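The structure appears below as structure tokens.
What follows is calculated from the coordinates using simple rules that are stated; it is not laboratory data. This is a predicted model, so every value here is computed, not measured. All Cβ positions, even for glycine, are placed from backbone atoms using ideal geometry, and neighbour counts span all protein chains on display.
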Amino acid sequence: MITSFYMPTRIVSGSGALATIGMLARDLKMTRVLVVSDPVISAQGFHADALAALSGAGIAVARFDECGIDARCSHIDDQGERVRREGIDGVVCLGGGSVMCTGKGIAIVATNRKPMADCTGVGRFDRKALPMIMVPTTAGSGSEVSQWTIVKDEVRHLKLLGGGPLSFPDAAILDPVTLRSLPMHVAALPAVDALTHGVEAYLSGIASPLTDAVALAAVRLQAASLRASINSDDDRAREDNLVASCMANIACGNARLGHGHALSLPLEGHLDLPHPYGVGVLLPHVIAFNLAVLPAKVRPLAEALEVETAGLSRQEMIAACADAVRALYADIGFPTRFTPEQLPRDRVREMALRAVPGLYAGIAAKDFDPASAHDRTIIASPAARRMTVRQAEEIFERCVG
Ligand SMILES: [Fe+2]
């Protein structure tokens, strides 16, 4: 199998790293930037510090602070037009996954001059996005090193992924100062998303020794730092967690994401379930399902998840991996099941059918007719094991509490 590994983003990390933002912007030849954020982040002291550092470097600043839970196509299209109109030549994002996905979308449509929905799918645009600097304020999505943006098409109720080598961020700044103000229940959500990225990269059918090395190291660092980074004031653990989530995305950016993300997509698009709940609740099931066909990968993943493997059979280790994830969830206050409101039982079959196009179909998913699928239809996914609609349905049923 031919594989490739590509990661062009410059990563500056450590306590105090945010102070380099002006220098990085100048290195990227930015003269006038759009700073993308949300109302909570834009009220933080580090946000003001970042704006001051940009101004101090002689860079003019325009702002868009209205990001919400999802990156919305309408925001992206409006701001992309504004960027062109105002001669803005760089995008700086301070925020979590939806802020970074919004900024990345703006950088894409600004140069490609077509609506965001038409840029979704794999490599569906021709021009390099505007230069981007990403400052993640959650240890989670890893969007700061990802070519992909995940956006919500509010008109069609679809969550869509778009991107390619032309939409990698140019620089990422990982500074634990950005995590300090995050309440515990908020911090847990992106952290779980990041864990799914590392694990799903490892369980991918297109994983390579390169992606496995990064994915396992990410899972190991996360398992070791996640509890302390969320439950205490440990800046070192927060920094480890930021780096781990970044590494997890480097791994999944190259090995891609599996069934957790494919099955979560219709829940996010049609039931408005926040992304981390979807992928996180599914993760223990996805681990057990895929490890069943990856015997050589069972022990390394178990060890990365801090499972005591001595004396365990392979089957017991697989169960212990799923249990280790559930134990982690219990310690950080994250659920292991969907409520009947989040995933009504009478919509389980529909969701399994709607998962068929997978994560990477982009806007082409709008043409998919769920009635054309049946029990044995395969869910499109690069995961190591093929999953049918019926198997997806069974996993959903086990997830509803
Ligand atoms: Fe994710």
The ratio Rg/Rh over the Cα atoms of the chain, Rh being the Kirkwood inverse mean 1/r radius, stands at 0.96
Highest mean packing first, using Cβ neighbours within 10 angstrom, the peptides 332-340, 17-25 sort as 17-25, 332-340
Inter-part gap, Cα centre of segment 323-385 to Cα centre of segment 33-98, in whole angstrom, is 32
Checking rank on 352-361, 369-378, 190-199, with mean other Cβ inside 10 Å and highest first, the result is 190-199, 352-361, 369-378
About its Cα centre, segment 184-401 carries a charge dipole, from +1 on Lys and Arg Cβ atoms and -1 on Asp and Glu Cβ atoms, whose size in debye to the nearest 20 is 600
Among the DSSP H helices of the chain, those whose Cα atoms extend at least 20 Å along the helix axis and whose mean Kyte-Doolittle hydropathy is 0.0 or higher are 97-112, 184-202, 209-231, 275-291, 314-332
Quick note, segment 1-112: a/c under 1.5 would make it rounded; otherwise a/b > b/c is prolate and the rest oblate (a ≥ b ≥ c, C-alpha gyration tensor); here it is rounded
Placing +1 on each Lys and Arg Cβ and -1 on each Asp and Glu Cβ in the chain, then taking the dipole about the Cα centre, the residue among 225, 48, 261 whose Cα reaches farthest towards the positive end is 261
Magnitude of the Cβ-charge dipole (Lys and Arg +1, Asp and Glu -1) of the chain about the Cα centre, nearest 20 debye, reported as 900
Computed, not fitted: 222 nm per-residue ellipticity of the chain from DSSP H runs ≥ 4 (each -39500 (n - 2.57)), nearest 500, equal to -15000 deg cm²/dmol
Given 41-48, 317-324, the highest-first ranking by average Cβ count within 10 Å works out to 317-324, 41-48
